[in-house]
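Colleague: The structure under discussion is supplied below as structure tokens; questions concerning it will follow.
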């Protein structure tokens, strides 16, 4: 519901009761109350509830208050002012006004921020990293131009699809249902730290416990313009000393960190390093095994993938289990290689693969004699050499018409969109043919032709109308 500040909240409550009486229960009801005061937002939510009897509908509001704090953190250097990013930990409907995350929709930019100073302009991915990993503060939503790389006037020109997809996957696999988020570097924190460079007032460091994977997740976001280097105390209830946190996303130069009894003189701490204006996410991966993995590579060859790895200081290591995934999520074992338990060792394995295209993900599951497990970083192999020969769009640029030919029978739908996402054409087609499309009446500009099948698989071709 748009502009709800301009009508009485009792109308919304009565509307919800009416819908319930008709057997209608909306899955998502959101009010846009354009105000950065979190108390005002929670008061509106409470007023709606006080004027409705139905308990089947959950009322939410867009969290303009949290969004403003995140904008301040992202854009402080753009506008040359100082903002303590730890204020984010006490901003918004949940942390600023004691509301429930079940009543909040978090967001970064939207269609209302049309003036040049209104959108989040600098590194909006830092703000997305926060709302997509902190399940405590509300249900996150994504502004489609930033996801698809479309740039309306006065908005930043970004294409965040791949990184937002990764953050969503991390949330689904590890953070969903987590009951606890501890803001480690919050104002007046009891957690100790040693900042070697960077500062607490330009960072957000928090730890998520009890999520669906039952593994702690550590997130650090550096809003500062200098490198963040800090030894920071963690919550060791579920991640005791010796626990390895594997980097699963982000810009930290190290693939993992280890909880130390006294890193940099800080008890129960881990060393964190981030470049300026960046973030990383780590996942607890068990206790550190008695070995050091010095190299792990996946090399694409004509009919196989060669997997090579080297170790040092092996001691009481049982085996290396090679795991493979086609999606990057669910991994399955493909081979077990016994450990050599030598001061230095080299291993290799060949995984047959004759497909001409696709993606495969590989990782090592390293197991010691006591059953402790540690995972390597994931390695990705991509084959994408043949599609351009099977799908052709010509001429490009074009003036009067374009032709698209393909020999992939399952592609039975053809759509054309403008660069702004406006539909131009939607038709059923037959694979193996050449489809001619008249450009009469279509304005000059950039367009996208999309071939897709019933499962949702698709190929996108870009062309220019002269």
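Colleague: Within a 10 angstrom radius of the beta carbon, how do 29, 299 rank from fewest other beta carbons to most? Mind dumping the intermediate values first?
Modeller: Details: 29 17, 299 13.
Starting with the residue having the fewest Cβ neighbours, the order is 299, 29.
Colleague: Arrange 353, 309 by Cβ neighbour counts within 10 Å, fewest through most, would you? Don't skip to the end; give the middle numbers.
Modeller: Working: 353 17, 309 22.
Final ranking by Cβ density, sparse to dense: 353, 309.
Colleague: For the range 4-170, what does the relative contact order come out to in percent, with C-alpha contacts under 8 Å and a separation of six or more? Write out the running numbers ahead of the final one.
Modeller: Values: 278 pairs, mean separation 30.6, N = 167.
The value is 18 percent.
Colleague: Right, next: Please compute the length gained on full extension between residue 428 and residue 327, using 0.36 nm multiplied by the number of residues separating them and subtracting their Cα-Cα distance. Let's see the in-between values first.
Modeller: Details: separation 101, 0.36 × 101 = 36.36 nm, distance 2.86 nm.
Value of the extension gain: 33.5 nm.
Colleague: For the range 47-113, take every pair of Cα atoms, bin their distances at 10 Å starting from 0, and report each bin as a whole percent.
Modeller: 19, 41, 27, 10, 3
Colleague: For the range 223-343, evaluate the Debye formula with one uniform point scatterer on each Cα (no solvent term) and list log10 I(q)/I(0) at q = 0.20 Å⁻¹, rounded to two decimals.
Modeller: Log10 I(q)/I(0), no solvent term: -1.26.
Colleague: Of all DSSP beta bridges located in the chain, what percent are antiparallel, nearest 5? Write down the numbers at each step before the final one.
Modeller: Working: 106 of 114 bridges.
Roughly 95 percent of the DSSP beta bridges within the chain come out antiparallel.
Colleague: Now, a different point. What spacing in nm lies between the two simple spin-label points modelled at residue 443 and residue 117, each 7 Å away from Cα in the Cβ direction?
Modeller: Placing both labels 7 Å beyond Cα along the Cβ direction yields 3.0 nm.
Colleague: On to the next question. Would you work out the relative contact order for the chain, in percent, from Cα pairs under 8 angstrom that are 6 or more residues apart? Walk me through the numbers on the way to the answer.
Modeller: Values: 1078 pairs, mean separation 34.7, N = 466.
Relative contact order here is 7 percent.
Colleague: To make sure I understand, if each residue's beta carbon is the centre and we count other beta carbons within 10 Å, what order do 228, 425 fall in, fewest to most? Can you show the working numbers first?
Modeller: Numbers: 228 27, 425 14.
Fewest-to-most ranking of 228, 425: 425, 228.
Colleague: Under the classification rounded if a/c is under 1.5, otherwise prolate if a/b is larger than b/c and oblate if not, where does the range 180-287 fall, given a ≥ b ≥ c as square roots of the Cα gyration tensor eigenvalues? Walk me through the numbers on the way to the answer.
Modeller: Values: a/c = 1.44, a/b = 1.27, b/c = 1.13.
It is rounded, given that a/c, with a ≥ b ≥ c, falls under 1.5.
Colleague: While we're here: Find how many whole Å separate the alpha carbon centroid of the range 280-342 from the alpha carbon centroid of the range 218-262.
Modeller: 22 Å
Colleague: How large is the Kirkwood hydrodynamic radius of the range 4-170, in angstrom, based on all distinct alpha carbon pairs? It would help to have the intermediate numbers written out before the result.
Modeller: Values: mean 1/r = 0.0596 Å⁻¹.
Result for the range 4-170 stands at 16.8 Å.
Colleague: As a check on your grasp of the helix formula, calculate [θ] at 222 nm for the chain: sum -39500 (n - 2.57) over DSSP H runs of n ≥ 4, divide by the residue count, round to the nearest 500.
Modeller: Working: 8 runs with 71 residues, N = 466.
Theoretical 222 nm ellipticity from helices: -4500 deg cm²/dmol.
Colleague: Further question: Residue separation times 0.36 nm, minus the C-alpha to C-alpha distance between residue 295 and residue 229: what's the value?
Modeller: Working: separation 66, 0.36 × 66 = 23.76 nm, distance 2.48 nm.
Fully extending the segment from residue 295 to residue 229 adds 21.3 nm.
Colleague: Okay, moving on. One-quarter of the Cα convex hull surface for the range 297-341, in nm²?
Modeller: Numbers: hull surface 16.2 nm².
Convex hull of Cα atoms, orientation-averaged projection: 4.1 nm².
Colleague: Where the convex hull is taken over the Cα atoms of the range 292-384, what is its projected area averaged over directions, in nm²? Intermediate values should be presented prior to the final figure.
Modeller: Details: hull surface 22.5 nm².
Averaged projected area of the range 292-384's Cα convex hull equals 5.6 nm².
Colleague: While we're on this one: Place the peptides 334-341, 139-146 in order of packing, highest mean first, counting for every residue the other Cβ atoms within 10 Å and averaging per peptide. Kindly include the intermediate steps, with their values, before the conclusion.
Modeller: Working: 334-341: 14.5, 139-146: 19.4.
Highest-to-lowest ranking by the protection proxy: 139-146, 334-341.
Colleague: Which part of the range 109-129 falls in the paramagnetic zone of residue 154, meaning amide N under 17 Å from the point 7 Å along Cα-to-beta-carbon?
Modeller: Within reach of a label on residue 154: 109-122.
Colleague: Another question, then. Mind grabbing the base-10 log of I(q)/I(0) for the chain at q = 0.07, 0.08, 0.10 Å⁻¹? Debye formula, identical points on the C-alpha positions, no solvent, two decimal places.
Modeller: Values returned for q = 0.07, 0.08, 0.10 Å⁻¹ are -0.48, -0.63, -0.95.
All of the numbers you see were taken from the coordinates with simple rules; none came from a lab. This one's a predicted model, so the numbers in the text were calculated from it and none came from an experiment. Here the Cβ is made from the backbone with ideal geometry for all residues, glycine too, and neighbour counts use every protein chain on show.
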